Every structure is written in C-alpha cells, then in structure tokens.
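The values are calculated or read from the model by the stated rules, or taken from the named source; none is laboratory data. Keep in mind the model is a prediction, meaning the values are calculated, not measured. Using ideal geometry, Cβ is built from the backbone for each residue, glycine included, and neighbour counts are taken over all protein chains shown. Side chains included, ligands, DNA and RNA excluded: accessible areas come from the protein's heavy atoms. Shrake-Rupley method; radii C 1.70, N 1.55, O 1.52, S 1.80 Å.
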Amino acid sequence: MTHDPLYFPRSELAEIIAKSLYGGITHAFTLFAPRRMGKTQFLLKDIKPTAEAAGFNVFYFSFMDSTAPTVDFQAALLRFAESIKTGGKVQNLIGQISKIEIMGSGIERRTERQQAELRLSDIIADIAGGSRPSLLLLDEIQELARQPDTGGLIRSLRTGLDIHQQQVKTIFTGSSTNGLRAMFNDIKAPFFHFAHALDFPTLGREFTDFLAGVYQERTGRGLDGGELYRAFERLNKTPLYIRAMLQDMIINPDLSIGQAESIRLEEMHKHADTAAQWRHLSLIEQLILSELANGQTAIYSAQTRQALARVIGVDDIGTSTVQNNIRKLERKDLITRDGANRLQINSPILKTWILENVER
Ligand SMILES: Nc1ncnc2c1ncn2[C@@H]1O[C@H](COP(=O)(O)OP(=O)(O)O)[C@@H](O)[C@H]1O
Ligand SMILES: [Mg+2]
C-alpha cells in the first residue's frame, strides 16, 4: 500500500481492539458507523498492521464490493485457509465451491450449497489449525444477511467462529444497523450477543489539526484550526469530505476554507441528488427526518407527535403511525440506530442537506 499523506492514523483505537482480541478479553467486535466514516480504512490501515505486528494472520473481506458475496466469501476464506495450511482437504473444498458457482438453481444446487455450508465451519477449523491466531475482518457484514438463502451459511459461520474462538478472532463492521440488528441483536439471530458492539468513534479536533499541519507543510501557509474544525462539524464529521476539501486547498492554495467547503457541499449534493430523493418521501417521512437531523431523538414523545400533527394539519398522530414511518425509513436505509439504539440519519449527505434546506 502506498503511503497516504492525508490519512490520519487511529493507532490508539487499533491497539485497544487488537489487545482485547489478543488477550482474550473478547473474541469478536462489531463496529457500527454510517457510510464514509472511515471503517474500511481503519480496518486496512490501522487494524491490519497492528494485528499483524501482534502476530495474527489477517483476512479481509468486503461484502459490499462483491456481486456474489456468498460464493466469493467462501472462496476467499478458502484461499486464506490454504495460505495458512496447505493440504489435500482444502484443495477438495475449492473444487466444491467452483461447482456451486457454475451450477444452475434447483434441488441439486441446494444440496451442493448445503454441503458447502457444512464446510464453512470446516474452513474455520483449518484456519484455527494454524500456528498463529487469525483475525477475520468482515466488512459490511449486513450485506451477507441481505442475500437470499444465507441462513445456513451464517449459522455455519457462527458455529465455526464459536468453536474456534481461542484461535480465530473477528471484527465485523456494518453501516446498516437494520441489517446488523437482524444478525446480532435479535434474540432469534444467529449472532445474538456473539460480538462486543462498539460505536465507531467520530474523529475530532486532532484530525483537523493534523490536516491543517499537512496543509502547512505542503503549501507553506497557515490554516485556522478552529475554522477548519467547524467546517468538519458542518460536514457531519465525515472524513471523506473534509479530506477532499483539503486536497482542493492544497492543489489551489488561494481557496479559503469557506470556498472549499461550499464546493464540496455542492459536489456532494449534486452527486447524491438529494433534492430528488427528498421529493420522493411522504410529508411525515420528511418531518421525521428533519426532526432527527436537528438532533431530536424523542420522535415518539407526545410533544413531537403534536408538532408533526400541526404541520401536517391533522388533530393527532398516533405512535403506531410514527412507528410505521420509521420502519419505512429503515427499510429505505435512510435511518439506522447506533449501538445504544438511538435513531439517526444514515447518510451524512442527507443530514447536511436537510439542515441547510429544510425549514423546521
Ligand atoms: N483516518 C482517516 N484519515 C483521513 N481520511 C480518512 C480517514 N478515514 C477515512 N478517511 C477518508 O474517508 C473515506 C471513506 O472512508 P471508508 O473507510 O471507505 O469509510 P466506510 O468504510 O466507513 O464507508 C476514505 O476513502 C478516506 O478518504
Ligand atoms: Mg467501507
């Protein structure tokens, strides 16, 4: 990996997580955060090297980047097992996987798939047989649960990880808490209480000060740290956007923080077509989102419901109506919950757009 001068290392958090895994405090973590908050980068740039230095074999897989995540995941995990321990058994399993890949649907395929599912825990057993402990980084895991017919596979994964928790540690990340909840928090979910849930912390002033330092180093000019931090707050503390701002400013040192910020805000809304997305929502959905954007989390309270009813022009809005609309928004992935079950807007772009464009 080439060096990225604008990357702010999060070594302390990585150390804490790696130590907890290595020391057996816990064998699995889930990291929750909306998209673009830096989860993937954290896994690859901070966790991976830290864990490798601590003696782990590290495996990374993103369930978001694959069009056939179930098959790709099994194949990738096999390659990893193989790299740890080469033997005839693993070769066999690879044969099994490619067969599934090429077969059509129907009974035959299902039997094959069930066999492969059985073997997922075998693959983990192989990984556990290595001379060092292994760490699996499973990025955007909720996408696995979204695939059809993955129940057996998920159970097999859980079984393998459970049996071999001394040797095989896991970090799951997810940005759709709805999907994650289906895997981890529902009593009936296979991973119920399996992993220690962490809200992935947002970056603070130390991050923007770091960026200001890079700016100074590259351009020879100073930057107002307080002003940069406030811009970061207005961008909902999304590292992607503040970083893009800094790139703009380094390339064109005449840009002020305010100008660079407007360029980015405009860019990100144009790209996401937020206005169109907004128009497609019902009035009550819009109102709920606007409440959330403004930091109101007591959506069900009598006071909030009365306020909603007033705007809509009805006498009363019941909790069940609010609940139905929250479910709709969750299904559209527009809102999620954090680890403490508080509702929040999923996309920082949408949240910023609402704060700028919607009057309350
Ligand atoms: N610690 C960081 N320092 C600098 N930039 C970061 C950092 N973390 C994330 N970013 C920027 O934000 C972008 C999105 O991060 P990513 O890890 O892909 O988010 P996620 O996986 O949560 O969707 C990255 O491409 C990078 O430009
Ligand atoms: Mg990611």
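Stretched out straight at 0.36 nm per residue, the stretch from THR219 to ILE263 would grow longer than its current Cα-Cα span by 13.9 nm. Once Rg and the Kirkwood radius are both taken over the C-alpha atoms of region 274-357, their ratio Rg/Rh works out to 0.93. Measuring nothing but how far apart in sequence close Cα pairs (under 8 Å, 6+ apart) lie, relative to its length, the chain scores a relative contact order of 18 percent.
Of the solvent-accessible surface of the chain, computed with a 1.4 Å probe over protein heavy atoms with every protein chain present, carbon and sulfur atoms account for 48 percent. So if we plug the beta-carbon distance of ILE187 and ARG155 into 1/(1 + (r/R0)^6) with R0 = 22 Å, what FRET efficiency do we get, rounded to 0.05? Calculated transfer efficiency: 0.90. With Cα atoms as the point set, the radius of gyration and Dmax of the chain evaluate to 23.1, 71 Å. Using a probe of 1.4 angstrom and keeping all protein chains present, the accessible surface of the chain works out to 49 square angstrom per residue. Remark: for residue pairs LYS48/LYS270; LYS169/LYS332; LYS169/LYS328; LYS237/LYS332, the C-alpha separation exceeds 27 Å in LYS48/LYS270; LYS169/LYS332; LYS169/LYS328.
Between 0 and 90 degrees, the angle of helix 257-272 with respect to the longest Cα principal axis of the chain falls at about 60 degrees. Relative contact order, whole percent, for region 274-357 stands at 32, derived from Cα pairs under 8 Å and 6 or more residues apart.
On full extension, the segment bounded by ILE25 and ALA272 gains 84.8 nm, given 0.36 nm per residue less the C-alpha separation. Antiparallel beta bridges, as assigned by DSSP with both residues in the chain, represent about 15 percent of the total such bridges. Highest average first, the peptides 120-126, 257-263 ordered by how many other beta carbon atoms sit within 10 Å of their residues are 120-126, 257-263. When the chain is described by a simple charge dipole with +1 on each Lys and Arg Cβ and -1 on each Asp and Glu Cβ, the residue from TYR241, GLN344, PHE61 located farthest towards its positive end is PHE61. Over all pairs of different C-alpha atoms, region 318-360 has a mean inverse distance whose reciprocal, the Kirkwood radius, equals 11.4 Å.
With the cut-off at 15 Å, report for region 205-272 the share of all Cα pairs above it, as a whole percent. Tail of the P(r) past 15 Å holds 45 percent of the pairs.
Given R0 = 22 Å, the distance between the Cβ atoms of ARG234 and ASP4 translates into a calculated FRET efficiency of 0.35. Note on region 159-223 and region 309-360: Cα centroid distance 24 Å, given to the nearest whole angstrom.
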